[in-house]
Amino acid sequence: MRRTCLLYQSDHPIPYLTAWQWQKELVEERKQARGECKDLPDALLLLEHPAVYTLGQGSSLEFLKFHPDDPDIECYRIERGGEVTHHAIGQLVAYPILNLEHHQRDLHWYLRQLEEVIIQFLTSYGVKSQRIQGLTGVWIDQAGQYQKIAQIGIKVSQWITMHGFALNVCMDLSGFDRIDPCGISNCQVCNLNQFAPNVDFRHVKKAIAQTFAEIFNLEMKLK
């Protein structure tokens, strides 16, 4: 039997702080339910954010090309792993709230599964992508030059996940010029619409949810 996963979506961009608080509330609800010997379903948030930068809990400021206190740039240090990344309109951000006790209690397995969701999704568009040894995320080989199309950063507490992955669909990539994405100097990034020009963002959300359900053996229930 497939485990239920509640699917939360929005037709308009959600401020980063709002989504961050939303995740923390969903995680806390599941921790409390566990203490009461209850089991809440998993959840998946599929969102867009207005332009924002986030730093992982151990991320170095040397990868920023701006001052973190610049009032004109929204930037937050959060509890996920990984280095600095950028979110903006046209990027699909996925926040899985999963209880890994019902999947596998293995963080490396979980990261590889998130990558697999993106790789299989891109295959459905006829786009070949891959992992790179030692680097988390998903990449596309452009004539021997690797370009990053998806970033991944997670937090797991008591085996309940938060944060997740960001897939560049049709965003303004110039925001990445202000950072060394994921702490990689000269890191090239790309959009899905460079390889699938007529991509529809709504279809991307639907296809990502379907692929996620297949990879994690879940039954999606729209909220």
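We did not get these values from a lab; they are worked out from the coordinates using the rules stated. Predicted model, so just to flag it, every value in this text is computed and none were measured. Glycine gets a Cβ as well: all are built from the backbone with ideal geometry, and neighbour counts include every protein chain shown.
Annotations
- The distance linking segment 59-76 with segment 1-45 is 29 Å (Cα centroid to Cα centroid, whole angstrom).
- Between segment 118-145 and segment 183-200, the Cα center-to-center distance that results, in Å: 10
- For the chain, built as a Gaussian network whose Cα springs stay under 10 Å, the top-fluctuating residue of Asp180, Asp72, Asp42: Asp72
- The alpha carbon gyration tensor of segment 140-223 gives principal lengths a ≥ b ≥ c with a/c of 1.5 or higher and a/b no greater than b/c, which makes the shape oblate.
- Simple point charges give the picture: +1 on the Cβ of Lys and Arg, -1 on the Cβ of Asp and Glu, and for segment 103-223 a dipole about the Cα centre of about 300 debye.
- The chain - charge dipole about Cα centre, Lys and Arg +1 at Cβ, Asp and Glu -1, debye rounded to 20: 620
- Whichever lysines have a C-alpha closer than 26 Å to that of Lys221, once near sequence neighbours (fewer than 8 apart) are set aside: Lys24, Lys31, Lys38, Lys155, Lys205, Lys206
- Expressed to the nearest 5 percent, the antiparallel share of DSSP beta bridges inside segment 7-86 is 25 percent.
- Gyration tensor analysis over the Cα atoms of the chain returns equivalent ellipsoid semi-axes of 26, 21, 16 Å (largest first, whole Å).
- Trypsin sites (Lys or Arg not before Pro) lying in DSSP loop within segment 25-96, provided at most 12 other Cβ fall within 10 Å: Lys38, Lys65
- With both residues required to sit in the chain, DSSP beta bridges show an antiparallel share near 65%.
- Figure legend: label point modelled 7 angstrom from the Cα of Thr18 along Cα→Cβ; no residues of segment 187-221 have amide N under 17 Å from it.
- The charge dipole of segment 177-223, taken about the Cα centre with unit charges on the Cβ atoms of Lys, Arg (+1) and Asp, Glu (-1), comes to about 280 debye, rounded to the nearest 20.
- Lys/Arg +1, Asp/Glu -1 at C-beta; segment 156-213 dipole; positive extreme among Leu167, Ala207, Cys190: Ala207
- Listed residues Leu7, Thr85, Gln57: farthest to the positive end of the dipole of segment 1-89 (Cβ charges): Leu7
- Over the chain, DSSP H runs of length four or greater, each weighted -39,500 (n - 2.57), average out per residue to a 222 nm ellipticity of -8000 deg cm²/dmol.
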